[in-house]
Amino acid sequence: MAGPSQEDIDTVQRGIERRVAIDPELEQILEAEPRTALALTRYGIRLANQGEAEAGCEMLGLAVLLGPDEPVIWYGRGMVQSAAGAFRDAVESYRQALRFAPAMAQAWAGIGFALAKLEAFEDAAEAYGAALSIDPGQGRLRHDLGVVRLRQRRYEDAVRELRAAERHGPADAGLVSNLAVALFQSGAVKEAAAAYAQLRLLDPEGADMRENSAFVTFIAALLEGPIENAVTVYGIRAGVAHPDRRALFKAAIAYLVGQGWAAPAAAVAQAWAAMDPSDPEPAFALTAARGDSAVSAAPRDYVVALYDSFADSFDAKLVGELNYRIPERLVAFIRPHLPPDRMLDILDLGCGTGLSGVPLKPLAKRLVGIDLSPRMIAKARARGVYDALEVAEITDYLQAHPGTFDLVTAADVVIYLGDLAPLFAGAAQALRQGGFFVLSAETGAGSGWSLLPSGRFAHSQAYLAALAPPAFGLRATLPTHIRFEGKAEVPGAICLYEKIG
Ligand SMILES: C[S@@+](CC[C@H](N)C(=O)[O-])C[C@H]1O[C@@H](n2cnc3c(N)ncnc32)[C@H](O)[C@@H]1O
């Protein structure tokens, strides 16, 4: 391999002079290490470790000019780029290191780390897998791979990797904490409780430790005996004399339903409903957990209570945690079907916090949003994209506005309606001839619809197609995932109808 060009040498010289003017110690470092490229590498890594990642990157940029075929230098460059948050560049540098040293496990590990930061989790897992196939004894890499699986909600896989990491050395609090979460989310409640017991010894003051540990202990006790005992155990573990039963029971039902455990969810809902028979949330949670097939829509007071209490955290939870992307997906899906040059009168049913309003706005002459929950409407108003917002019920509103809209949207809303016939009749009324109606639905088996233990309704593809005639033609369907629930993605579909009748 040819050495560096004169131009590169000059560039390095100028870079060194600039840096020596800021930090004269570099001169001594260069004197002590005759290989300038290595001296710059070590110095750059030291800068990055001291929090000067940008300067570190600059030094490593000079080092690779002098040693363009030295894997250690490329690896060092990847490290400082990672430290600077330049994760894509870091991946490239680590790949360069691997070109010259294919068995460099730590370069694969570096790629895994950078890709995980970029949330390219599957690729990150592959990179960690490559590192481990070179160096299987690296418990830390098993841990890192386990964390990636945790982020992917592949909880059983996470448990397997984290257990393997445990076997490689003394468990630290971070490892046991991740293991406890993975076990709990995978449904291994007793083992999760044992992991929390271990964690309490390792890190008694850990963030959220007390609350998480108490909740897991509550679920474990609930699955074994009377709910009153479970509440007592929770109170002791959480260190509170009078636990907030409402919050505790609500969280427990969400967890149990996410695991597919309808019977204990029903037991919790029953205890919750007994606390206040007029509270619509436990009443409907109980109906849903019992699988009552006679209910054709979620009660209005239930929807209001649920979403008024959810409004503040809705966006963070749905978009941030549960990977809810229906609004953007729905608008991208219908766009090619809409008239290209015409601005539309659009009605966004169950608009919630207005997530759909943002991608709908560029298509709108007038954009109206309605929702049952006043606090969701307030959030949508704060977004500033709707021309009008109203607290209203879907079918009532549609019936009161005949021939008013060109496009009606219902993103993740029919999950609160079982029988969709009134909705379709209302949409047909409110739309102009040739107008469009688009909805997203959770899809289920069979030929009709069903109330799920989650309190949401699923509709079969056959039912969604059968609703179209005579007022609508089903123009297009897109099978999709709606969001995560527990450890699984919820299957669904986006359906676009055109008013023809
Ligand atoms: C899962 S959120 C979806 C919100 C929004 N469309 C989105 O995609 O982010 C469901 C929304 O539908 C509203 N909703 C449910 N049933 C309704 C009904 N019958 N009439 C009006 N709004 C309803 C709820 O209040 C809630 O804001």
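Brief remarks follow.
- Counted residues, segment 105-135 - those being surrounded by fewer than 21 Cβ atoms within 10 Å (Cβ to Cβ), among the aliphatic types (A, V, I, L, M) and under 22 Å from Asp69 (Cβ atoms): 3
- Residue in segment 453-468 that is in contact with a Lys or Arg (Cβ under 8 Å, 6 or more places away or on another chain) and open to solvent by less than 10 Å² (accessible area, probe 1.4 Å) present: no
- Ala332 closer than 28 Å to Trp261 by Cβ and among the small types (Gly, Ala, Ser): no
- Candidate set from segment 329-342 (those that are more than 10 Å from the ligand (Cβ to nearest atom) and of a type in the set (A, V, I, L, M)); member that is most open to solvent (accessible area, probe 1.4 Å): Ala332
- Taking the numbered list (1) open to solvent by 90 Å² or more (accessible area, probe 1.4 Å); (2) without any contact (Cβ under 8 Å) to a residue 24 or more places away in the chain; (3) acidic (Asp, Glu) in turn, Glu54 passes all entries but (2).
- If you go through segment 481-501 and keep only what is open to solvent by 20 Å² or more (accessible area, probe 1.4 Å) and on the phi < 0 side of the Ramachandran plot, you end up with His481, Phe484, Glu485, Lys487, Ala488, Glu489, Pro491, Glu498, Lys499, Ile500, Gly501.
- Of the residues Ala273, Ala266, Ala283, the single one that is in a helix (DSSP H, G or I), within 21 Å of Glu485 (Cα to Cα) and open to solvent by less than 50 Å² (accessible area, probe 1.4 Å) is Ala266.
- Qualifying residues in segment 383-398 (those that are in contact (Cβ under 8 Å) with a residue 12 or more places away in the chain and of a type in the set (Gly, Ala, Ser)) - the one farthest from the ligand (Cβ to nearest atom): Ala388
- Every residue from segment 196-234 that is part of a loop (DSSP other than H, G, I, E, B) and over 25 Å from the mean Cα position of the chain (by Cα): Asp203, Pro204, Glu205, Gly225, Pro226
- Leading residue by the ranking (farthest from Gly352 (Cα to Cα)) among those in segment 436-448 that are surrounded by 23 or more Cβ atoms within 10 Å (Cβ to Cβ) and away from the ligand (no atom under 13 Å from the Cβ): Phe436
- Of everything listed in (1) touching a helix residue (DSSP H, G or I) at 6+ places or on another chain (Cβ under 9 Å); (2) open to solvent by less than 30 Å² (accessible area, probe 1.4 Å); (3) touching a residue at least 24 places away in the same chain (Cβ under 8 Å), the single unmet condition for Asp345 is (1).
- Residue check for Arg237: farther than 28 Å from Arg456 by Cβ and in a helix (DSSP H, G or I): yes
- Restricted to segment 351-370, and to residues there that are open to solvent by 20 Å² or more (accessible area, probe 1.4 Å) and farther than 17 Å from Thr404 by Cα, the residue that is nearest to the ligand (Cβ to nearest atom) is Leu355.
- Residue match in segment 192-199 (condition: open to solvent by 50 Å² or more (accessible area, probe 1.4 Å), touching a residue at least 12 places away in the same chain (Cβ under 8 Å) and either among the acidic types (Asp, Glu) or farther than 24 Å from Asn212 by Cα (or both)): no
- When segment 399-418 is filtered for residues that are more than 10 Å from the ligand (Cβ to nearest atom) and open to solvent by less than 10 Å² (accessible area, probe 1.4 Å), the ones remaining, listed by number, are Phe405, Leu407, Val408, Gly418.
The values are calculated or read from the model by the stated rules, or taken from the named source; none is laboratory data. Everything numeric in this text was worked out from a predicted model, so none of it was measured. Positions of Cβ are generated from backbone atoms using ideal geometry, with glycine treated the same way; all protein chains shown enter the neighbour counts. The accessibility values were calculated without ligands, DNA or RNA, using every heavy atom of the protein model including side chains. Shrake-Rupley method; radii C 1.70, N 1.55, O 1.52, S 1.80 Å.
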